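I have placed the structure first, in the form of structure tokens, so that the comments after it can refer back to it.
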Amino acid sequence: MATDNQRGVLFDVDGTLVDTTYLHTVSWWEALRQADQPVPMATIHRAIGMGSDKLLDHLLGPERDRAADGKLRDAHDSLYGEYWERLVPLPRAADLLRACAARGLRVVLATSAAAHEVGALRRALDADDAITTVTCAADAEQSKPAPDILVAALEQSGLDASRVVFVGDSVWDVAAAGKLDIPCVGLTCGGTSRGELAGAGAVAVYDDPAALLEALADSSLAAPR
């Protein structure tokens, strides 16, 4: 429940602020290959942004034998974990967060990453001084495109849906925000095209955090509803 009239910005992290989309794609590709369930990388990439539960349903079908899901998730986590010390932020991501905070906006990382991944993402960003609240997968019963992680972000930060904007890089981000009537600004740096993000309902689309920062004063982040 909102505690005041503070305005804020919710940010997805993977593919939006930190350059991890294709690392997740390759890690899932290898995990599935090892399990003799190969899926083309292009198909996997288009599912990134969902949580692992919905991603596996999307890639392998909801009627599959789920007995191996835990092993697949563990394999992905192990493979992805090899990149943790090499994660890099997308262009000017930290500057964007600090610029939002300087404007008096409450900055919230609404990530559905697993709790053990959040530390690596925050180290890569190196912008804790600008961040008010961070969520993780444990805070949501269902992953995107369900809006649970955004609901958790609002509750933990004391923000109201009518006073925020969400920034994400996938159609799943746009869909989750839409279920709460939250405007979503799309970034193409996660590999989803401008047309796809706009078609899903993004109110504006930019190339990356640097481009959004450049246009910040005239963007919907400068004056959330």
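The values are calculated or read from the model by the stated rules, or taken from the named source; none is laboratory data. All figures in this text were calculated on a predicted structure; none of them were measured in a lab. Please note: Cβ atoms are built from the backbone with ideal geometry, for glycine as well, and neighbour counts cover all protein chains shown. Surface accessibility is based on the protein's heavy atoms, side chains included, excluding ligands, DNA and RNA. Shrake-Rupley method; radii C 1.70, N 1.55, O 1.52, S 1.80 Å.
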Give the residue from F11, A161, G61 lying farthest towards the positive end of the charge dipole for the chain; charges sit on Cβ (+1 for Lys and Arg, -1 for Asp and Glu) and the dipole is referred to the Cα centre. A161
How large is the charge dipole for the range 73-190, taken about the Cα centre, if only the Cβ atoms of Lys, Arg (+1) and Asp, Glu (-1) carry charge, to the nearest 20 debye? 400
With a 1.4 Å probe and all protein chains in place, put D129, D69, D95 in order of accessible area, largest first. D129, D95, D69
Find how much the distance from A198 to H116 grows on full extension, using 0.36 nm per residue of separation minus their present alpha carbon separation; answer in nm with one decimal. 26.3 nm
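For an R0 of 22 angstrom, estimate the FRET efficiency from the Cβ-Cβ distance between Q34 and D65 and round to the nearest 0.05.
Rounded to the nearest 0.05, the efficiency is 0.85.
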Treating cross-link reach as a plain straight distance, find the lysines whose alpha-carbon is under 19 Å from the alpha-carbon of K71, omitting any fewer than eight places away in the same chain. K54
Give me the distance in nm between label points sitting 7 Å out from Cα along the Cα-to-Cβ direction at R86 and D129, one decimal. 3.0
Describe numerically, in nm with one decimal, the distance between label points set 7 Å from Cα along Cα→Cβ at A42 and at R103. 3.7
Return the whole-Å distance between the Cα centroid of the range 36-111 and the Cα centroid of the range 153-225. 17
Run the 1.4 Å probe and let me know the accessible area of S193, rounded to the nearest 10 Å². 50
Looking only at P89, P145, P40, which one moves most when the chain is put into a Gaussian network model with springs between Cα atoms under 10 Å? P40
SASA check, E30, accessible area w/ 1.4 Å probe, all protein chains in place, rounded to nearest 10 Å², comes out at 40
Find the relative contact order for the chain and round it to a whole percent, using C-alpha pairs within less than 8 Å whose residues are 6+ positions apart. 27
Computed from the coordinates I sent, percent of Cα pairs over 21 Å apart equals one of [x] 56; [y] 60; [z] 51. Tell me the label. [z]
Using a basic spin-label model with each label point 7 Å from the Cα along Cα→Cβ, how many nm lie between Y22 and D181? 4.0
Per q in 0.13, 0.18 1/Å, what log10 I(q)/I(0) does a Debye calculation on the alpha-carbon atoms of the range 1-50 return? -0.44, -0.62
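What do you get for Rg/Rh over the range 112-208 if you use C-alpha atoms and the Kirkwood form of Rh?
For the range 112-208, the value is 0.96.
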In what order, largest first, do Y80, Y206 sit by accessible area if the probe radius is 1.4 Å? Y206, Y80
Mark the label point 7 Å from the Cα of Q6 along Cα→Cβ and return the residues of the range 81-97 whose backbone N is within less than 17 Å of it. 97
